[in-house]
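> Take this structure first; my questions come after.
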């Protein structure tokens, strides 16, 4: 049987599109301070519609969003802040288990990110009170005019959450493409029962995370640092071992 042959190298158009994607992903960053101006609903729906092209297992598309604006955002912000202020460990019940530990390189990356943020906003190292105030900004939605609660279908378990992760990444890139700033927040999922109650979300839906979004306050120091990424060579393991690019040139 003759096998079809296709191009073995990408076309110039494909490479141009890859550069556009590279630019969007490189520019995108987690924004922790916002202007109060709302984002038009039409623009939000455009970005969500693009993100909905994300793949999912069997095309089940488990993602759903509850989006706030105006008084809805302010009321939810107040509810979250009050929940966080109570400080009780018993009220922290995420629908999906949080990491049990950060070890080795994951601990190093987490620590480095925290230190860059604290340096940017003037939190002295070791000042627990100041770092706690910065943590509390998660539950103030970093002043964003909108928040979206991302949920998945409970019966789909972890794979529904994986599908929602694909949608989330696509949504963050779509927001970047139209100039809307955003930050994905697992911290809000700590209070999943309270979030579900507030938005009248049925028990058949699990809270994955929240996404606070709006227009970036570019003058705020919290937005003046960036995190690093590892290279592709650090991610990919070739098989057989050693069969890297150097063997092909």
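> Evaluate the distance, in nm, between pseudo-label points positioned 7 Å from the Cα of residue 224 and of residue 128 along their respective Cα→Cβ axes.
If labels sit at residue 224 and residue 128, their model points lie 2.9 nm apart.
> Only Cα pairs under 8 Å and at least 6 apart count here; give the relative contact order of the chain as a rounded whole percent.
34 percent
> Here's a follow-up. Give me D for the chain in µm² s⁻¹, whole number, from Stokes-Einstein with Rh from the Kirkwood sum over alpha-carbon pairs, 10 °C and 1.306 mPa s.
Translational diffusion coefficient: 78 µm²/s.
> Still on this model: Extending each Cα 7 Å along its Cβ direction at residue 239 and residue 35, get the distance between those two points in nm, one decimal.
Placing both labels 7 Å beyond Cα along the Cβ direction yields 5.1 nm.
> Pulled fully out, how much extra length does the chain show between residue 42 and residue 17, if you take 0.36 nm times their separation in residues and subtract their Cα-Cα distance?
6.5 nm
> How are the C-alpha pair distances of region 123-249 spread across 5 Å bins, as whole percents from the shortest bin up?
2, 8, 13, 16, 16, 13, 12, 8, 6, 4, 1, 0
> Relative to the first principal axis of the alpha-carbon coordinates of the chain, what is the inclination of helix 12-27, with its axis defined by its Cα atoms, in degrees from 0 to 90 and to the nearest 10?
It works out to around 20 degrees.
> Using only helices, what value at 222 nm comes out for the chain when you add -39,500 (n - 2.57) per DSSP H run of length 4 or more and divide by the total residues, to the nearest 500 deg cm²/dmol?
Mean residue ellipticity, 222 nm, calculated: -13000 deg cm²/dmol.
> Now a separate question. If you stretched the chain out fully between residue 98 and residue 166, how much longer would it get, using 0.36 nm times the residue separation minus the C-alpha to C-alpha distance?
Difference between extended and current length: 22.6 nm.
> According to the square roots a ≥ b ≥ c of the eigenvalues of the Cα gyration tensor, what is the shape class of region 92-142, taking rounded for a/c under 1.5, prolate for a/b larger than b/c otherwise, and oblate for the remainder?
Here region 92-142 falls in the oblate category.
> While we're on this one: Mind sorting 91, 131 by how few other Cβ atoms lie within 10 Å of their own Cβ, fewest first?
91, 131
> At 0.36 nm per residue, minus the direct Cα-Cα distance, what do residue 178 and residue 114 gain on full extension? Give it in nm, one decimal, please.
Result for the pair: 20.2 nm of gain on full extension.
> A further question follows. Taking the chain as the reference, fit the longest principal axis to its C-alpha atoms, fit the long axis of helix 71-86 to the helix C-alpha atoms, and give the angle between the two in degrees, 0 to 90, nearest 10.
Around 80 degrees separate the two axes.
Values quoted throughout were computed directly from the atomic coordinates according to the rules given, and no laboratory measurement underlies them. No experiment lies behind these values; they were computed from the predicted model shown. For neighbour counting, all protein chains shown are included, and Cβ atoms are generated from backbone atoms with ideal geometry for every residue, glycine included.
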